[in-house]
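Take a look at the structure set out below.
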Amino acid sequence: MIESKFNFPIVDFSAYHSSPDERLVLAQKLKKICHEIGFFVIKNHGIPSRVIDQAFGYSQDFFALPIEKKKLIDKRKSPYFRGWEGEGAESTNNCPDIREQIDLWTEHQPVTTDGHPHYLNLLGPNQWLPEEILPGFKASILQYIHEMRQLGDQLMSLLAIGLDLPASYFDHHFGSERMSLTKLIHYPPTPAGGFGVNAHQDTGFLTILHPGETPGLEIQMADGSWLPVPIIENTFIINLGEMLQAMTGNYYVATPHRVAVSSQRYSIGYFHGPSLTTSISRLPLSTEFSDAVSASPRHLEAGFMAPIKETKSGVKAMKGVLHAATYGDQLWNYFCRSYPENAKQFYPDRVDAL
C-alpha cells in the first residue's frame, strides 16, 4: 500500500474505491502517516489528467498577462481577500513571500453581519477576469475545484475512520456553507536568503497540492532537518493543517514546510475547509489518541502559527497557542497576520489579531 522514495510516503489511493476491508487498511495507513509526519503523496487518485493540464495551462496563461490586466482582479479591491496579488503581497511568518498568486475561495453571497460573528464578512464572491481576456479560464478552474472538493471529502472520510469516527463524521461536521481556498501560484526564481513561501504550517484542515513540474517544496522533519518533497508524475501532495491538529489534540500534526526555487515554478493548492461557524474544539476521541500524544514530546509541544503580537513578544513563529474557537476565527487571524494592510483598509475596527 505504501512505497517510499527518499523516505517520503507514497500512498496508492485506488484502495479507496476497492472493498471496505481495503479502505479500512488504507485509513489505518493514513492514520499512522498523519500522526508521524503529516505529509504524503497520493497516486491513482482518479482526477482526470485533462482537468489538471487545463487548469495549469490557464494558470500559466494568466500569469503571462500584462500586469494591468492582472490588476483588474487585484486582491486589494476585495473585502473578501480574493483575487490576484503580486510578489511580496502576502507575508508568512512575518516575512514577504516571493511569489504571485490568485486566491479563489468558495463563492457565497455577502451577508449582513449585524448581530452575527464578524468573520462572516469573509463570505462573498471571487474576482474573475472578463471572459474575453482569458476565454475558458473560469470554467476550467471551477472544474478543477469541483474535483478537489470531492477528493478532499474522500480523504477526510479516511482520516475520520482512522480516528475511530464514522466515515461521514467530517461531512456532517463541516456544514453546508463551506469555505475552501484554491490558490494558483507562480514562483519566480527565489533570491538568495529568501523563500518563495516562508516556513509555515497551513491554517486549515487538509491541503491538496499539485506541485507542477519544478521541485522546491521542503518539509521539516521531527529532528528539525528539511526534507525535499519529490516531484512524481500524476500525483498530489497531501498535508494537514492546524485545525486538524487542534481538533485531534495534536495527534494529527500540521507539518512546517517552505518553498525555494532556482527556476520558475507553477503549482495549484487546494485547502479543504468547512463552514466558518464550525467549532474547532477537540473531537470525541478515545484515550488511545491522547495517550499517544502524552508519550511524545514532539506532539505535546506542537504549536500553532503565532500572531504578530506574540512573535514581537518573543514567541517562536510556530510555537503560538490557538486563538480561535471556530474555523472563522482562525481564518480571520490568518488574514490579519498575512494581509495586515488589507485588513486595516476594510476592517479598521476588527484587526484584533495583530
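The values are calculated or read from the model by the stated rules, or taken from the named source; none is laboratory data. Because the structure is a prediction, the values reported are computed rather than measured. Here Cβ is always computed from backbone atoms with ideal geometry, including for glycine, and neighbour counts include all displayed protein chains.
Values computed for the structure shown
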item	result
Boolean, THR182 is touching a residue at least 40 places away in the same chain (Cβ under 8 Å), buried (at least 19 other Cβ atoms within 10 Å of the Cβ), in a strand (DSSP E or B) and touching a Leu at 6+ places or on another chain (Cβ under 7 Å)	yes
Candidates LYS43, LYS31 - the one that is within 21 Å of PHE205 (Cβ to Cβ) and either surrounded by 15 or more Cβ atoms within 10 Å (Cβ to Cβ) or among the hydroxyl-bearing types (Ser, Thr, Tyr) (or both)	LYS31
Residues located in segment 122-136, provided they are over 19 Å from ARG76 (Cβ atoms) and of a type in the set (Gly, Ala, Ser)	GLY136
Lone qualifier among GLY212, GLY152, GLY193 - being in a loop (DSSP other than H, G, I, E, B) and either at pLDDT below 95 or within 22 Å of LEU122 (Cβ to Cβ) (or both)	GLY193
Per-region count, segment 264-274, residues closer than 14 Å to LEU159 by Cα and either out of contact with any helix residue (DSSP H, G or I) (no Cβ under 9 Å at 6 or more places or on another chain) or of a type in the set (Ser, Thr, Tyr) (or both)	0
When residues of segment 245-263 are limited to those that are farther than 19 Å from THR92 by Cβ, out of contact with any helix residue (DSSP H, G or I) (no Cβ under 8 Å at 6 or more places or on another chain) and touching a residue at least 40 places away in the same chain (Cβ under 8 Å), the one surrounded by the fewest Cβ atoms within 10 Å (Cβ to Cβ)	SER262
Number of the condition not met by ASP53 [criteria: (1) surrounded by 15 or more Cβ atoms within 10 Å (Cβ to Cβ); (2) at pLDDT 95 or above]	(1)
Selected residue [of a type in the set (Val, Ile, Thr), touching a His at 6+ places or on another chain (Cβ under 7 Å) and in contact (Cβ under 8 Å) with a residue 60 or more places away in the chain] from ILE98, ILE52	ILE52
Of the criteria (1) at negative phi; (2) part of a loop (DSSP other than H, G, I, E, B), which one GLY46 fails	(1)
Conditions (1) over 20 Å from LYS319 (Cα atoms); (2) assigned to a strand (DSSP E or B): number failed by ILE219	(1)
Condition met for SER157 (under 30 Å from GLU22 (Cβ atoms) and assigned to a helix (DSSP H, G or I))	yes
Residue under evaluation LEU72, criteria (1) in contact (Cβ under 8 Å) with a residue 60 or more places away in the chain; (2) surrounded by 16 or more Cβ atoms within 10 Å (Cβ to Cβ); (3) out of contact with any Ser or Thr (no Cβ under 8 Å at 6 or more places or on another chain), criterion not met	(2)
So GLY216, is it crowded, with 18+ Cβ neighbours inside 10 Å and not hydroxyl-bearing (Ser, Thr, Tyr)	yes
Sole residue being on the phi > 0 side of the Ramachandran plot and not in a helix (DSSP H, G or I), chosen from ASN239, ASN234	ASN234
Residue, farthest from PRO189 (Cα to Cα), within segment 242-260, restricted to residues that are part of a strand (DSSP E or B) and touching a Leu at 6+ places or on another chain (Cβ under 7 Å)	HIS257
Residue in segment 92-107 that is surrounded by the fewest Cβ atoms within 10 Å (Cβ to Cβ), counting only those that are assigned to a strand (DSSP E or B) and modelled with pLDDT of 95 or more	GLU100
Residue check, TYR119 of a type in the set (Phe, Trp, Tyr) and within 23 Å of LEU217 (Cβ to Cβ)	no
